[in-house]
Amino acid sequence: MDQRAPGTVQLREVTEADLTIFFEQQLDPIATQMAAFPSRERQAFMAHWAKIMADTTVITRAILFDGQIAGNIGSWGPADQREVGYWLGREYWGQGIASAALAALLHHEPTRPLYAHVVKHNRGSLRVLEKCGFAIIGEEKDDPGESGEPDELYVLKLSAMEPSR
């Protein structure tokens, strides 16, 4: 059964104060395994976010659930290859929050097509993207992960002809 968040999901600009929470969320070993994305040390993490926040072409938003920071979402890249991505703290998984946040971001991000990459074993994230109108258009392998094996990814696309839900 599809669970819906009983609370309110909102997006707002990311502030420097949010970064401590984002940093802690990305340290979760279960989340990093699910996303197939390694956590960063504090200095590298803060430098990465400083670069993101300084780039005016990048859209970044904090995801709020009932006023609490649940994670972050954004879009980046050139217009013909623009991507979306998001990260939620594990305590916020499975409640419809990521789907609501992505739907809200799609109202602020006019670029189409939009792309997303999701590791094949992350069925929850794949479902979020599909619920918001993204469709699998291919597969690719990422750089070798911590296991030494490349991660297998789905490539998804939201085209101009597919309205967000």
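Each peptide in 61-74, 104-117 was scored by the mean count of other Cβ atoms within 10 Å over its residues; highest first, the order is 61-74, 104-117.
Summing Lys and Arg as +1 and Asp and Glu as -1 over all other residues whose Cβ lies under 9 Å from the Cβ of ASP151 gives a net charge of -2.
Counting only DSSP H runs of at least 4 residues, each contributing -39500 (n - 2.57), and dividing by the residue count of the chain, the helix-based mean residue ellipticity at 222 nm comes to -8500 deg cm²/dmol. Considering only DSSP beta bridges whose two residues both sit in the chain, what percent are antiparallel, to the nearest 5? Taking every DSSP beta bridge within the chain, about 95 percent pair in antiparallel fashion. Extension gain, THR57 to THR8, is 14.9 nm, computed as 0.36 nm per intervening residue step minus the present C-alpha separation.
Extension gain for GLU24 to HIS48 (0.36 nm times residue separation, less C-alpha to C-alpha distance): 7.2 nm. Between ARG40 and ALA79, the FRET efficiency from the beta-carbon distance, with R0 = 30 Å, is close to 0.60.
No value in this document is a laboratory result; all are computed from the given coordinates. A quick note: this is a predicted structure, and the numbers were derived from the prediction, not measured. Positions of Cβ are backbone-derived with ideal geometry, glycine not excepted, and every protein chain shown enters the neighbour counts.
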